[in-house]
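> One structure, pasted below without further comment.
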């Protein structure tokens, strides 16, 4: 695929905007076709207190493959240092070449399942972060520059369906006020100080912070702050 | 399962895909603000913009403001940048928190620019940000959760359909370089001992001093001492602050 050729955007006309889950699936499928990729998986990663949890937003991996590869390996792929941030050249992971460190067995499983070359891409949709895994059965088919452009397009497109993403990912369960209070906690302010800043009573601040702690199922303020920062909420 | 270090993954590539376009050859991260300004100027030249600016979105929700990092009049601050970081930027800040789509504006007089912008698929029109000049703003995000905007102004801005993706990617790259600079300027990562980091990590996991002491097999007083030390080294006022700073500096993950 040459980089100059096809406009990779399936929803080329202005009228065609993404609204439903079907639209999103259709968009990603068309994106894959235009690139020459065989499969996609769009995931959100939630940092729990003890482990990373993967939420699959959309995917055309066969069910058995998802099961066999397992959520922990998907998280590993998505969060690997190789996952390209926007603006950096994406580097594929070639599982057929049995890369050192991935584990021969892990690489073999991925290769057998038709993920011989995997691009792990970070997506920023506003402050929310997602990961897109694009894979092809034969290494070397995808053009890195095209992949980067697709990555950027995806960020634009996903911005049209925030409710859809939020419903799957539930990355930010906090209300505005709770987020605000937690932000000031992370800046080292005490409840009394926050009460002064926001012009409410100290008890109200404590209530907001406690709600935030409960929503993250954290055991105290420090953990709630850590969880919120890791998930890009504050 | 905790993610384990994968040697195949650790070779993070900092090469800039667009180094060649930016006429810089090597493509190392911009090492200083003047260098970043220079790179931004190259982007501006490539799209025919007269002025440019890079802004950080302040993390506080109370003050929904744009903080100017640099602009085309560097080291001074241009009038346009003052407009953007003033009241006018508020709508743009809200947009940046939820969307990555570029925004453009134009007054009725400059319909040529408006027509060019409107031809793009995904870009959004917003209210005029700087009076008298059309422009386009690219939302950008960096590794540690910072977000910002790279803004270009000028009557002759022309970006082709596919080119907008490359330009936006270059803006992302630039913002990453600048945000890394400002972190290292403001607060150099302090040297922490292994034990101090361990205690801080456990605190971030919600452990109390008591449970840290038990799991590390040290006394509560020692655990507290480690935490006090790390809080001081991070120039933080309490543990929550220290945890927040440590995560933002990348000392713990």
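> Could you tell me whether the range A:37-58 includes any residue that is in contact with a strand residue (DSSP E or B) (Cβ under 7 Å, 6 or more places away or on another chain), at pLDDT below 85, in a loop (DSSP other than H, G, I, E, B) and surrounded by 14 or more Cβ atoms within 10 Å (Cβ to Cβ)?
no
> Hey, among A:200, A:185, which residue is surrounded by fewer than 18 Cβ atoms within 10 Å (Cβ to Cβ) and not assigned by TED's automatic domain parsing to the domain that holds residue A:42? Walk me through it before giving the result.
Values: A:185 fails: surrounded by fewer than 18 Cβ atoms within 10 Å (Cβ to Cβ).
Every option except A:200 fails the conditions.
> While we're looking at this one, here's another question. Since residue B:180 meets every condition but one in (1) farther than 30 Å from residue A:157 by Cα; (2) in the same structural domain as residue B:34 (by TED's automatic domain parsing), which condition does it not meet?
(1)
> Any chance the range B:127-134 includes a residue that's away from chain A (no Cβ under 14 Å), under 20 Å from the mean Cα position of the chain (by Cα) and in contact (Cβ under 8 Å) with a residue 60 or more places away in the chain?
Initial filter on the range B:127-134 (away from chain A (no Cβ under 14 Å)): B:127-134.
In the following step, the residues that additionally are under 20 Å from the mean Cα position of the chain (by Cα) were identified as none.
Taking every residue of the range B:127-134 in turn, none turns out to be away from chain A (no Cβ under 14 Å), under 20 Å from the mean Cα position of the chain (by Cα) and in contact (Cβ under 8 Å) with a residue 60 or more places away in the chain.
> Only one of these conditions is not met by residue B:150: (1) in contact with a strand residue (DSSP E or B) (Cβ under 6 Å, 6 or more places away or on another chain); (2) within 9 Å of another protein chain (Cβ to nearest Cβ). Which number is it?
For residue B:150, the failing item is (2).
> Name the residues in the range B:150-166 that are closer than 21 Å to residue A:148 by Cα and out of contact with any helix residue (DSSP H, G or I) (no Cβ under 6 Å at 6 or more places or on another chain), would you?
Quick first cut of the range B:150-166, residues closer than 21 Å to residue A:148 by Cα only: B:150, B:159-166.
Scanning the range B:150-166 gives B:160, B:161, B:162, B:163, B:164, B:166.
> Count, please, the residues in the range B:155-165 that happen to be surrounded by fewer than 19 Cβ atoms within 10 Å (Cβ to Cβ) and in contact (Cβ under 8 Å) with a residue 12 or more places away in the chain.
Qualifying residue count, the range B:155-165: 5.
> On to the next question. Are any of the residues in the range A:95-105 more than 11 Å from chain B (Cβ to nearest Cβ), crowded, with 19+ Cβ neighbours inside 10 Å and in contact (Cβ under 8 Å) with a residue 40 or more places away in the chain? Walk me through it before giving the result.
Step one: list which residues in the range A:95-105 are more than 11 Å from chain B (Cβ to nearest Cβ), which gives A:96, A:104-105.
Keeping just the survivors that are crowded, with 19+ Cβ neighbours inside 10 Å gives none.
The answer is no, given that none of the residues of the range A:95-105 is more than 11 Å from chain B (Cβ to nearest Cβ), crowded, with 19+ Cβ neighbours inside 10 Å and in contact (Cβ under 8 Å) with a residue 40 or more places away in the chain.
> Take residue A:233 and decide whether it is more than 10 Å from every other protein chain (Cβ to nearest Cβ), outside any helix (DSSP H, G or I) and closer than 30 Å to residue A:91 by Cα. Before the answer, list the steps.
Values: more than 10 Å from every other protein chain (Cβ to nearest Cβ): no; outside any helix (DSSP H, G or I): yes; closer than 30 Å to residue A:91 by Cα: yes.
Considered against the rule, which asks whether it is more than 10 Å from every other protein chain (Cβ to nearest Cβ), outside any helix (DSSP H, G or I) and closer than 30 Å to residue A:91 by Cα, residue A:233 comes out as no.
> Same structure, new question: Answer yes or no as to whether residue A:121 is free of Cβ contacts under 8 Å to residues at least 60 places away in the same chain, more than 8 Å from chain B (Cβ to nearest Cβ), closer than 28 Å to residue B:148 by Cβ and surrounded by 22 or more Cβ atoms within 10 Å (Cβ to Cβ). Give the derivation first.
Working: free of Cβ contacts under 8 Å to residues at least 60 places away in the same chain: yes; more than 8 Å from chain B (Cβ to nearest Cβ): yes; closer than 28 Å to residue B:148 by Cβ: yes; surrounded by 22 or more Cβ atoms within 10 Å (Cβ to Cβ): yes.
Criteria met by residue A:121.
> Within the range B:216-253, which residues are under 12 Å from residue B:195 (Cβ atoms) and assigned to a loop (DSSP other than H, G, I, E, B)?
B:217, B:218
> Does residue B:222 satisfy being over 30 Å from residue B:139 (Cβ atoms) and at the interface with chain A (Cβ under 9 Å from one of its Cβ atoms)? Give the derivation first.
Details: over 30 Å from residue B:139 (Cβ atoms): yes; at the interface with chain A (Cβ under 9 Å from one of its Cβ atoms): no.
Criteria not met by residue B:222.
> Quick check on residue B:168: is it away from chain A (no Cβ under 14 Å) and touching a residue at least 12 places away in the same chain (Cβ under 8 Å)?
Values: away from chain A (no Cβ under 14 Å): no; touching a residue at least 12 places away in the same chain (Cβ under 8 Å): yes.
So residue B:168 fails the test.
> Now, a different point. Looking only at the range A:213-227, decide whether some residue is in a loop (DSSP other than H, G, I, E, B) and touching a strand residue (DSSP E or B) at 6+ places or on another chain (Cβ under 7 Å). Step through it out loud before you land on a result.
Going residue by residue through the range A:213-227, those that are in a loop (DSSP other than H, G, I, E, B) are A:216-220.
If we keep only those that are touching a strand residue (DSSP E or B) at 6+ places or on another chain (Cβ under 7 Å) too, we end up with none.
No: zero hits.
> Being within 14 Å of another protein chain (Cβ to nearest Cβ), within 26 Å of the chain's Cα centre (by Cα) and surrounded by 17 or more Cβ atoms within 10 Å (Cβ to Cβ) is the filter here, so list the residues in the range B:187-219 that pass it.
Within the range B:187-219, B:200, B:201, B:204 meet the criteria.
> Exactly one of (1) part of a helix (DSSP H, G or I); (2) away from chain B (no Cβ under 13 Å); (3) surrounded by 21 or more Cβ atoms within 10 Å (Cβ to Cβ) is unmet by residue A:77. Its number?
(2)
> What is the residue count in the range A:126-169 for residues that are surrounded by fewer than 19 Cβ atoms within 10 Å (Cβ to Cβ) and in a helix (DSSP H, G or I)?
So the answer is 7.
> On to the next question. Name the residues in the range B:81-91 that are surrounded by 14 or more Cβ atoms within 10 Å (Cβ to Cβ) and more than 23 Å from residue B:32 (Cα to Cα), would you?
Of everything in the range B:81-91, those that are surrounded by 14 or more Cβ atoms within 10 Å (Cβ to Cβ) and more than 23 Å from residue B:32 (Cα to Cα) turn out to be B:83, B:84, B:88, B:89, B:91.
> Separate question: Can you find, within the range B:66-76, the residue that is modelled with the lowest pLDDT among those that are crowded, with 18+ Cβ neighbours inside 10 Å and in a loop (DSSP other than H, G, I, E, B)?
Step by step, filter the range B:66-76, then rank; the result is B:74.
> Do we find that residue A:27 is without any contact (Cβ under 8 Å) to a residue 12 or more places away in the chain and either surrounded by 15 or more Cβ atoms within 10 Å (Cβ to Cβ) or more than 14 Å from chain B (Cβ to nearest Cβ) (or both) in this structure? First the steps, then the outcome.
Values: without any contact (Cβ under 8 Å) to a residue 12 or more places away in the chain: no; either surrounded by 15 or more Cβ atoms within 10 Å (Cβ to Cβ) or more than 14 Å from chain B (Cβ to nearest Cβ) (or both): yes.
When the stated conditions are applied, residue A:27 does not pass them.
The values are calculated or read from the model by the stated rules, or taken from the named source; none is laboratory data. Please read these numbers as outputs of a predicted model, since none were measured by experiment. Methodologically, a virtual Cβ is constructed for each residue, glycine included, from the backbone with ideal geometry; neighbour enumeration extends over all protein chains shown.
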